[in-house]
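**Student:** My structure is below; once you've seen it, I'll send some questions.
The values are calculated or read from the model by the stated rules, or taken from the named source; none is laboratory data. A quick note: this is a predicted structure, and the numbers were derived from the prediction, not measured. Virtual Cβ from ideal backbone geometry, glycine too; neighbours counted across all protein chains shown. Heavy atoms of the whole protein, side chains included, go into the accessibility calculation; ligands, DNA and RNA do not. Shrake-Rupley method; radii C 1.70, N 1.55, O 1.52, S 1.80 Å.
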Amino acid sequence: MTTSGFKHFKRPEPLFRLFAPLTALPGVGDKLASVISKRVGSHVIDLLRHLPCGVIDRSKRPAISQIEHGSIVTLEVEITGHDKPPRRSRRPWRVAAQNKTGRVDLVFFHARGDYVEKLLPLGARRIVSGRAEMFKDKVQIAHPDHVIAPDKEDDMPRYEPVYPLTAGLTAKTMAKAMKAALEGIPELDEWINPDIVNRFGWPEWAKAARSVHSPHSDADLMPNSPERARLAYDELLANQLALALVRIGSGVDEGRAFPDQATDGLAAELTRNLPFELTPAQLRVIDEIRADQIAPRRMLRLLQGDVGSGKTVVALLAMLHVVSGGAQAALLVPTEILARQHHATLTGFLAPLGITPGLLHSKMKAGKKRDVLAALADGTMPIVVGTHALLSDNVSFNDLGLAVVDEQHRFGVRQRLVLGDKAKGVDVLVMTATPIPRTLAMTAYGDLVASQIDEKPPGRKPVITTAVPLDRSDDVIERLRGAIKAGKQAYWICPLIDESDSLDIAAAEGRHTELRTALPEAATGLVHGKMNAESRDTAMESFRSGESRLLVATTVIEVGVDVPNASIMIIEHAERFGLAQMHQLRGRVGRGDDQSSCLLLYKAPVSETARARLSIMRESDDGFRIAEEDLRLRGPGEVLGQRQSGDPDFILADLAHHGDLLALAHDEAEGILSRNPMLSGDEGTRLKLLLSLFERDMAVTYLAGG
């Protein structure tokens, strides 16, 4: 089949106003649209997906004498006096008001001109609503949220949604824009199986979209409320349909059948020359990959393996299999430092076979880059390791047979598709050292068949992990001094202070200066992401060679860096890191014969979540268990690191609560496409509407040619 009909699919007319820019809403000009877009996105549909995080009940009208401090109240009062502050005084403007139940002061700081007098004229009756406080035994409301005439009472909501805001965006402005967006919601034909709708008692889409913005209680804000669950399922079903379409679309071209060379090919020759035995798990996965490679269908496989489980050699054997068949292989990695590391590792493995792998990244000198591009184009370079530079239009292969994507969580669906489209029927092998919980695997990698290396090479000793308060860092440095004198090497990872590279680097550089002074014998090196490649490589090579005994770094060394003699990992401010990231960092040690250790330096007091992370790190070195715990403690967005990955960024679905709905959506999507792979007819039209409205992954953009 083909997806050509889908490539020309355009959003239907009922959705035009939903995908219109925010400036299409009444009262939303360029300036306000710019502010809103920083928080929610630039289209009307983005605003509608910005759900309330709370609700204010304005229905309570207590007697003034019974008001509790801090409560939200709504009062009808008569204005009885104004205490206007003198010019340039810091004293607030106080308005006296009363009803038959008592007196209340309405307080305004920095009030301008006659604003207050016009808002609350003497002798007028007004309905005011806001947070009441006790001040010198008197009730006051500072800057009431609402002040309206009694005949306009219906204009004030009894239950008011509370939205996450940003600088320059007020609650009133947000409410006004949201009201305009809600008025434009179109009625759409139902796309969910009626049996599912009836089973859960869900409202139709338009009603659900309006209801989530009209909560009456905290229960209405919960992920499993009928309206929210309905919208979450829509989003999950769209995601599963899109990934299934990618799987179908990626298999349009027939795959290539590379003949089995289990005993006489390059892969077999490398296996015979390896200085270690492959584990049963590696052998099982190699067989799974080889079965794909010798079959005529296209391989689309995810390889999961914990830190140190031996994924690289498995991928290399797969690459050699296609090279033996006369084709080329490419390894895509997310960073230059990891590309250089992989290139060095592959060079060592391949030297006895007389094969020299290429290296391609954006910072290469023009001459070297031209040579690599030419060698790839004419086929004289059988294997290449590269960064995003491999995805460039000017990179062409003579005959690409296998594309391997490492640390896939740093990329999105589009990137693996682009590399896989560099030739006809390219096999795709995706690797990750970050074990992925099942629910996330279904949403991020649903177009792939999964393999797992679920054991580590024999003889590896578990890394002893301990948690130490940061105020004992002097003791840690003294222990480190003894270890370095004994010939050991160590990493010192500096904290993630903020989402700012400059702050991370400042922390690393400061700690580097301190440790160079405290431990001159360690020849302490420094590595961070903003260093130029030459300085970074010099520092890493000094550490690899043992000339430098201590390496201070940011999380740039989280993956790929392999120094077997390094046996100590110190993670500063460990309470700031996620479980999966700490596990990755810990995986940089424990690769040699010596007993390794990991010290988690934390600043007390720590939150309950941070305490749970530290406890799990001490208890377990099982990456798959740690991944599940990370999902439970942090939520799916943080686990995937979606800001930098391009993986699904769910707005309405919460995988920590909607796992059952995801499984249902997965099965439903499979059933839909098994009976209607072209999404044709009335059902197809409705489902294309769903995809257009809800799909947040890059898959639909790719399939739609856009």
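**Student:** Which residue is most open to solvent (accessible area, probe 1.4 Å), if the candidates are limited to the range 186-205 and must be farther than 27 Å from P161 by Cα and touching a Lys or Arg at 6+ places or on another chain (Cβ under 6 Å)?
**Tutor:** Per the criteria, the residue is D189.
**Student:** All but one of (1) more than 48 Å from the chain's Cα centre (by Cα); (2) more than 11 Å from V77 (Cα to Cα) hold for R125; which doesn't?
**Tutor:** Exception for R125: condition (2).
**Student:** I248: touching a residue at least 24 places away in the same chain (Cβ under 8 Å), crowded, with 20+ Cβ neighbours inside 10 Å and of a type in the set (A, V, I, L, M, F, W, C), yes or no?
**Tutor:** Here the answer is no, as I248 does not meet what is asked.
**Student:** Separate question: Just to be sure I understand the filter: pairs with C-beta atoms under 7 Å, separated by 6 or more residues or on different chains, first member in the range 312-324 and under 15 Å from T347 (Cβ atoms), second member hydroxyl-bearing (S, T, Y) and open to solvent by 10 Å² or more (accessible area, probe 1.4 Å). Which pairs pass?
**Tutor:** Listed by first residue and then by second, the contacts come to T312/T345.
**Student:** Evaluate the range 59-69: report whether one residue or more is closer than 22 Å to V212 by Cα, in contact (Cβ under 8 Å) with a residue 12 or more places away in the chain and either assigned to a strand (DSSP E or B) or open to solvent by less than 60 Å² (accessible area, probe 1.4 Å) (or both).
**Tutor:** yes
**Student:** For the subset of the range 398-418 comprising residues that are surrounded by fewer than 22 Cβ atoms within 10 Å (Cβ to Cβ) and either modelled with pLDDT of 90 or more or more than 22 Å from the chain's Cα centre (by Cα) (or both), which member is nearest to R301 (Cα to Cα)?
**Tutor:** Only one residue tops the list, namely D399.
**Student:** Still on this model: Filter the range 206-229 for residues that are assigned to a helix (DSSP H, G or I) and without any contact (Cβ under 8 Å) to a residue 40 or more places away in the chain; which is surrounded by the fewest Cβ atoms within 10 Å (Cβ to Cβ)?
**Tutor:** Top of the filtered list is A219.
**Student:** Can you spot a residue in the range 232-243 that is of a type in the set (S, T, Y), touching a strand residue (DSSP E or B) at 6+ places or on another chain (Cβ under 8 Å) and in contact (Cβ under 8 Å) with a residue 24 or more places away in the chain?
**Tutor:** Within the range 232-243, not a single residue is of a type in the set (S, T, Y), touching a strand residue (DSSP E or B) at 6+ places or on another chain (Cβ under 8 Å) and in contact (Cβ under 8 Å) with a residue 24 or more places away in the chain.
**Student:** Scan A242, A180, A171 and give me the residue that is modelled with pLDDT under 95, of a type in the set (A, V, I, L, M, F, W, C), under 21 Å from I45 (Cα atoms) and touching a Gly at 6+ places or on another chain (Cβ under 7 Å).
**Tutor:** A180
**Student:** May I pose another question? Take E183 and tell me if it is free of Cβ contacts under 8 Å to residues at least 60 places away in the same chain, out of contact with any helix residue (DSSP H, G or I) (no Cβ under 9 Å at 6 or more places or on another chain) and either of a type outside the set (G, A, S) or surrounded by 15 or more Cβ atoms within 10 Å (Cβ to Cβ) (or both).
**Tutor:** Against the criterion (free of Cβ contacts under 8 Å to residues at least 60 places away in the same chain, out of contact with any helix residue (DSSP H, G or I) (no Cβ under 9 Å at 6 or more places or on another chain) and either of a type outside the set (G, A, S) or surrounded by 15 or more Cβ atoms within 10 Å (Cβ to Cβ) (or both)), E183 qualifies.
**Student:** Okay, next question. Filter the range 136-161 down to the residues that are open to solvent by 50 Å² or more (accessible area, probe 1.4 Å), under 18 Å from P215 (Cβ atoms) and not basic (K, R) and list them by number.
**Tutor:** Answer for the range 136-161, where residues must be open to solvent by 50 Å² or more (accessible area, probe 1.4 Å), under 18 Å from P215 (Cβ atoms) and not basic (K, R): D145, Y159.
**Student:** Let me confirm something: among L662, L689, which residue is more than 14 Å from L243 (Cα to Cα), open to solvent by less than 50 Å² (accessible area, probe 1.4 Å) and either outside any helix (DSSP H, G or I) or modelled with pLDDT under 90 (or both)?
**Tutor:** Going through L662, L689 in turn, just one is more than 14 Å from L243 (Cα to Cα), open to solvent by less than 50 Å² (accessible area, probe 1.4 Å) and either outside any helix (DSSP H, G or I) or modelled with pLDDT under 90 (or both): L689.
**Student:** Here are some residues: P215, P161, P223, P150. Which one is under 24 Å from R61 (Cβ atoms) and touching an Asp or Glu at 6+ places or on another chain (Cβ under 7 Å)?
**Tutor:** Answer to the check: P150.
**Student:** Sticking with this one: Taking the stated definitions as given, is A180 out of contact with any Asp or Glu (no Cβ under 9 Å at 6 or more places or on another chain) and of a type in the set (G, A, S)?
**Tutor:** The answer is yes for A180.
**Student:** Can you name every residue in the range 351-372 that is open to solvent by less than 50 Å² (accessible area, probe 1.4 Å), without any contact (Cβ under 8 Å) to a residue 60 or more places away in the chain and either of a type in the set (S, T, Y) or part of a helix (DSSP H, G or I) (or both)?
**Tutor:** Of everything in the range 351-372, those that are open to solvent by less than 50 Å² (accessible area, probe 1.4 Å), without any contact (Cβ under 8 Å) to a residue 60 or more places away in the chain and either of a type in the set (S, T, Y) or part of a helix (DSSP H, G or I) (or both) turn out to be G367, V372.
**Student:** Residue under question is V314, and the condition is that it be farther than 30 Å from V527 by Cβ and buried (at least 21 other Cβ atoms within 10 Å of the Cβ); does it hold?
**Tutor:** Here the answer is no, as V314 does not meet what is asked.
**Student:** So, in the range 111-135, how many residues would count as being in contact with a Pro (Cβ under 8 Å, 6 or more places away or on another chain) and either surrounded by fewer than 12 Cβ atoms within 10 Å (Cβ to Cβ) or not in a strand (DSSP E or B) (or both)?
**Tutor:** Final tally of qualifying residues: 1.
**Student:** Among the residues of the range 539-565, write down those that are open to solvent by less than 10 Å² (accessible area, probe 1.4 Å) and within 18 Å of R516 (Cα to Cα).
**Tutor:** If the condition is that a residue be open to solvent by less than 10 Å² (accessible area, probe 1.4 Å) and within 18 Å of R516 (Cα to Cα), then M540, F543, S548, L550, L551, V552, A553 are the ones that fit.
**Student:** Go through the residues of the range 218-238 one by one and say whether even a single one is among the polar types (S, T, N, Q) and either modelled with pLDDT under 90 or touching a Cys at 6+ places or on another chain (Cβ under 9 Å) (or both).
**Tutor:** Within the range 218-238 (the criterion being among the polar types (S, T, N, Q) and either modelled with pLDDT under 90 or touching a Cys at 6+ places or on another chain (Cβ under 9 Å) (or both)), the answer is no, since none of the residues qualifies.
**Student:** So which residues in the range 96-136 are under 23 Å from S59 (Cα atoms) and hydrophobic (A, V, I, L, M, F, W, C)?
**Tutor:** If the condition is that a residue be under 23 Å from S59 (Cα atoms) and hydrophobic (A, V, I, L, M, F, W, C), then A96, A97, V104, L106, V107, L119, L120, A124, I127, V128, A132, M134 are the ones that fit.
**Student:** Of everything in the range 100-141, what is touching a helix residue (DSSP H, G or I) at 6+ places or on another chain (Cβ under 7 Å), free of Cβ contacts under 8 Å to residues at least 40 places away in the same chain and on the phi < 0 side of the Ramachandran plot? Give them in sequence order.
**Tutor:** Within the range 100-141, T101, R103, F108 meet the criteria.
**Student:** To continue, here is another question. Checking the condition at pLDDT below 85 and assigned to a helix (DSSP H, G or I), which residue from R536, R611, R618 passes?
**Tutor:** R536
**Student:** Out of R301, R297, R340, R290, I need the residue that is within 21 Å of G425 (Cβ to Cβ) and under 26 Å from the mean Cα position of the chain (by Cα). Which one?
**Tutor:** So the residue among R301, R297, R340, R290 that is within 21 Å of G425 (Cβ to Cβ) and under 26 Å from the mean Cα position of the chain (by Cα) is R301.
**Student:** Pick from the range 332-350 the residues that are β-branched (V, I, T) and open to solvent by less than 30 Å² (accessible area, probe 1.4 Å): which of them is modelled with the lowest pLDDT?
**Tutor:** I337
**Student:** Among residues belonging to the range 16-38 that are part of a loop (DSSP other than H, G, I, E, B) and among the small types (G, A, S), point out the one that is farthest from the chain's Cα centre (by Cα).
**Tutor:** Looking at the filtered set, the residue picked out is G27.
**Student:** Out of the residues in the range 571-608 meeting the condition of being part of a helix (DSSP H, G or I) and farther than 25 Å from I453 by Cβ, tell me which one is most open to solvent (accessible area, probe 1.4 Å).
**Tutor:** It comes out as E608.
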